[in-house]
Amino acid sequence: MISTKAKVTDTRKLAEGIFGLTLSTKAAIEAKSGQFIMVNTKSEAHLLGRPISICDIDKENESLSIVWRNVGYGTKELSTLKEGEEVDIIGPLGNGFPTDEELIKGKSITLLGGGIGAPPLYALAKELSSKGVKPVVILGYRSESAGLFLKDEFERTADVIIATDDGSAGVKGTVIDALKEHDVKSDIIMACGPMPMLKGIKNYAQEKGIDAYISLEERMACGVGACLGCVVKTTHKDHHSQVNNARICTEGPVFEAKEVEI
Amino acid sequence: MNTQVDICGITLKNPVMNASGTFGSGMEYASMVDLNRLGAIVTKGVANKPWEGNPTPRVTETPSGMLNAIGLQNPGIDTFIERDLEFLKSYDTKVIVNVCGHSEDEYVEVVERLGDCDNVSMLEINVSCPNVHEGGIAFGTQPEALEKITKAVKKKARQKIIMKLSPNVTSIAEMAKAAESAGADAISLINTITGMKIDIRKRSFVLANRTGGLSGPAIRPVAVRMVYEASKAVKIPVIGMGGIATAEDAIEFMMAGASAVAVGMYNFHSPTAMTDVIDGIEKFMAENKIQNIQDIIGVV
């Protein structure tokens, strides 16, 4: 991980309230899918970095792209950045999704992304496909009119199934409804999205006896494991904390679903 | 130019350290910050046994600051000695261990265990954490209770002891005097100020603990005032902290009477905050022809 200034090389609006940036930074060299960066605002009144997951990684050109939903001051400020401006970042942070050959080889892998949980799965889908394990990606959105952001990008690297809350595109319902309706064969599930969805996936994986890796989020201050703000209850004693708490920023954000109490 | 300061007989290469709880044990930041440059590293509070801390959410941003209610989660003294203190042995900086407990016995147990640890220069006794319901701040808001715990710890401590004071009191001068009269070698202040934030859409508290400790630049003027009052009231050294972000802030605390300073919440914003403060102090000394940093302590 490094603490550095990163130059904005591209900005984009993907849907209403959904924005993206490409950053030129050496943090890309070590980055893995499922990791995140802390991005500072320029405001002296808003001092905590914003944890934002990495959507795409270009190691050769040392650039990272991030995609977020505007929810508060920090994200709104980020969406006003222009090409050529610089931001302070720390990263890459966290463990990322597991993509070891021995784990994924010959397996059916399903990626589930709910809303703004989709972006971190993009770099993962590309990585899995490049390793010869083309995943099925199920993306959940509010509605077609609210924007099926990143759908086209995912379709270039994976088999994509869409679910929408109102049924305006794909399956009506959640990503889990779509998973069941299409009867997608999965040996391993990897997912990111809102907590109710992740709880549903944990239960589904338990019922079916399959492995599920879920990316969690929590309010955090440092992003590097120092403040102990962003812990999750764990099934077993965590090696670092010596209690049943793991740091989402450091031991996570990706956990095996059965290892965490959510 | 001499940036060395003396805290009760311990020489620090410069007056800049971190505030406990904002820098882990240094390990978490070692890839981004040259720990050898720091005057001291103050480790996150450690108890006799592992503590789970509070439920989440534990942190939230506030204007120019943050609220936290971690609840002193820590791995316990055994793991701390084996892992964290061992890690710090390879660095050329002074180590100050922050000690917490639910009871006098628990504080004393940790202090005794640390007695044999040669790379620990000082102990900072945390009697001012607002986020644990037993111990912690209970010892730090009444002068009599503060004297009692200070005496108990001092009796068993092999290292110099720093009592970390709470700002959540009526008279900080009275608390500083109580610590001094009970034998404290130094005091550090301020710990966080108790605060609260409400989510008006959910009609509930943002932090699971309801209240949390406020830190960051928002509290700086309160901290400067308290460091000034405390340092006027006692002869023992004062370590000043509360919202320090820049060298100018650090110098302000030293002019108010602090012999050394700690950067807290700002480490989260900028991991290089402490080394930037050290660079800035040197620049200020050069520009203002200050030969010895000790000459500015308490000049106001």
Note to self: Checking the structure you have, find out if any residue of the stretch B:25-40 is open to solvent by less than 10 Å² (accessible area, probe 1.4 Å) and assigned to a strand (DSSP E or B).
What the structure shows: yes
Next item on the list: Could you tell me which residue of the stretch A:1-24 is least open to solvent (accessible area, probe 1.4 Å), considering only residues that are more than 14 Å from chain B (Cβ to nearest Cβ) and not in a strand (DSSP E or B)?
Entry: A:17
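Inside the stretch A:67-142, counting only strands (runs of 3 or more DSSP E) that do not spill past its ends, which hold 2 or more residues that are surrounded by fewer than 19 Cβ atoms within 10 Å (Cβ to Cβ)? Spell out the reasoning first.
Numbers: elements: A:86-93, A:109-114, A:136-141.
In the stretch A:67-142, A:86-93 are the strands (runs of 3 or more DSSP E) which contain 2 or more residues that are surrounded by fewer than 19 Cβ atoms within 10 Å (Cβ to Cβ).
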Next item on the list: Could you grab the pairs with beta carbons closer than 6 Å, sequence gap of 6+ or different chains, first residue in the stretch A:27-47 and within 13 Å of chain B (Cβ to nearest Cβ), second one charged (D, E, K, R)?
Entry: A:39/A:50; A:40/A:88; A:41/A:77
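Just give me the residues in the stretch B:266-279 being more than 14 Å from every other protein chain (Cβ to nearest Cβ) and open to solvent by 20 Å² or more (accessible area, probe 1.4 Å), in sequence order. Full working, then the answer.
First pass over the stretch B:266-279, keeping only residues more than 14 Å from every other protein chain (Cβ to nearest Cβ): B:277-279.
Passing the criteria: only B:279.
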Item checked: residue B:174 surrounded by 20 or more Cβ atoms within 10 Å (Cβ to Cβ) and over 18 Å from the mean Cα position of the chain (by Cα) -> no
Check: When the stretch A:152-193 is examined, which residues are found to be without any contact (Cβ under 8 Å) to a residue 60 or more places away in the chain, under 9 Å from residue A:138 (Cβ atoms), open to solvent by less than 20 Å² (accessible area, probe 1.4 Å) and outside any strand (DSSP E or B)?
Finding: A:178
Notebook entry, point to check: Which condition does residue A:31 not pass, out of (1) open to solvent by 10 Å² or more (accessible area, probe 1.4 Å); (2) aliphatic (A, V, I, L, M); (3) in a loop (DSSP other than H, G, I, E, B), if it passes all the others?
Noted result: (1)
Checklist line | Cβ pairs under 8 Å, 6+ apart, first in the stretch B:104-130 and small (Gly, Ala, Ser), second open to solvent by less than 10 Å² (accessible area, probe 1.4 Å) and part of a helix (DSSP H, G or I) | finding: B:128/B:136
Checklist line | Given (1) in contact with a Ser or Thr (Cβ under 8 Å, 6 or more places away or on another chain); (2) on the phi < 0 side of the Ramachandran plot; (3) open to solvent by 10 Å² or more (accessible area, probe 1.4 Å), number of the condition residue B:284 does not satisfy | finding: (1)
Check: What are the residue pairs meeting all of these: first residue in the stretch B:265-294, first residue under 22 Å from residue A:3 (Cα atoms) and modelled with pLDDT of 95 or more, second residue part of a helix (DSSP H, G or I) and of a type in the set (Phe, Trp, Tyr), Cβ atoms under 9 Å, and 6 or more apart or on different chains?
Finding: B:267/B:29; B:271/B:29; B:273/B:266; B:274/B:266; B:277/B:266
Note to self: Looking at the stretch B:148-166 only, could you name the residues that are in contact with a helix residue (DSSP H, G or I) (Cβ under 6 Å, 6 or more places away or on another chain) and open to solvent by 60 Å² or more (accessible area, probe 1.4 Å)?
What the structure shows: B:156
Note to self: If the requirement is being open to solvent by 40 Å² or more (accessible area, probe 1.4 Å) and modelled with pLDDT under 95, which of these qualifies: B:104, B:82, B:112?
What the structure shows: B:104
Margin query: Suppose we filter B:45, B:26, B:9 for residues that are in contact with a Lys or Arg (Cβ under 9 Å, 6 or more places away or on another chain), small (Gly, Ala, Ser) and in contact (Cβ under 8 Å) with a residue 40 or more places away in the chain; which single one remains?
Written below: B:9
Checklist line | Residues satisfying the stated conditions in the stretch A:148-161, i.e. touching a Phe, Trp or Tyr at 6+ places or on another chain (Cβ under 7 Å) and farther than 17 Å from residue A:194 by Cβ | finding: A:148, A:153, A:154, A:160
Notebook entry, point to check: Would you say residue A:52 is out of contact with any helix residue (DSSP H, G or I) (no Cβ under 6 Å at 6 or more places or on another chain), farther than 18 Å from residue A:29 by Cβ and away from every other protein chain (no Cβ under 14 Å)?
Noted result: yes
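Sort through B:222, B:263, B:206 and tell me the only one that's closer than 27 Å to residue A:38 by Cβ, of a type outside the set (Gly, Ala, Ser) and in contact with a Pro (Cβ under 7 Å, 6 or more places away or on another chain). So that I can check it myself, show each step before the final result.
Numbers: B:222 fails: closer than 27 Å to residue A:38 by Cβ; B:263 fails: in contact with a Pro (Cβ under 7 Å, 6 or more places away or on another chain).
Going through B:222, B:263, B:206 in turn, the sole match is B:206.
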Next item on the list: Please go through the stretch A:229-259 and pick out each residue that is at the interface with chain B (Cβ under 7 Å from one of its Cβ atoms) and out of contact with any Ser or Thr (no Cβ under 8 Å at 6 or more places or on another chain).
Entry: A:241, A:243
Next item on the list: Looking only at the stretch A:48-66, count how many residues are open to solvent by less than 20 Å² (accessible area, probe 1.4 Å) and more than 19 Å from the chain's Cα centre (by Cα).
Entry: 1
Checklist line | Within the stretch B:18-67, considering residues that are in contact with a Pro (Cβ under 6 Å, 6 or more places away or on another chain) and either among the aromatic types (Phe, Trp, Tyr) or farther than 15 Å from residue B:192 by Cα (or both), the one farthest from the other protein chains (Cβ to nearest Cβ) | finding: B:39
Check: What pairs can you find where one residue is in the stretch A:197-213 and open to solvent by 30 Å² or more (accessible area, probe 1.4 Å), the other is part of a helix (DSSP H, G or I), and their Cβ atoms are less than 6 Å apart, with a gap of 6+ or different chains?
Finding: A:202/A:257
Note to self: Here are the criteria: (1) open to solvent by less than 10 Å² (accessible area, probe 1.4 Å); (2) within 17 Å of residue B:296 (Cβ to Cβ). Tell me which single one residue B:263 does not satisfy.
What the structure shows: (2)
Notebook entry, point to check: Given (1) buried (at least 21 other Cβ atoms within 10 Å of the Cβ); (2) more than 18 Å from the chain's Cα centre (by Cα); (3) within 14 Å of chain B (Cβ to nearest Cβ); (4) not β-branched (Val, Ile, Thr), where does residue A:220 come up short, assuming only one miss?
Noted result: (2)
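The values are calculated or read from the model by the stated rules, or taken from the named source; none is laboratory data. A quick note: this is a predicted structure, and the numbers were derived from the prediction, not measured. Methodologically, a virtual Cβ is constructed for each residue, glycine included, from the backbone with ideal geometry; neighbour enumeration extends over all protein chains shown. Side chains are part of the model used for accessible areas, which takes the heavy atoms of the whole protein and leaves out ligands, DNA and RNA. Shrake-Rupley method; radii C 1.70, N 1.55, O 1.52, S 1.80 Å.
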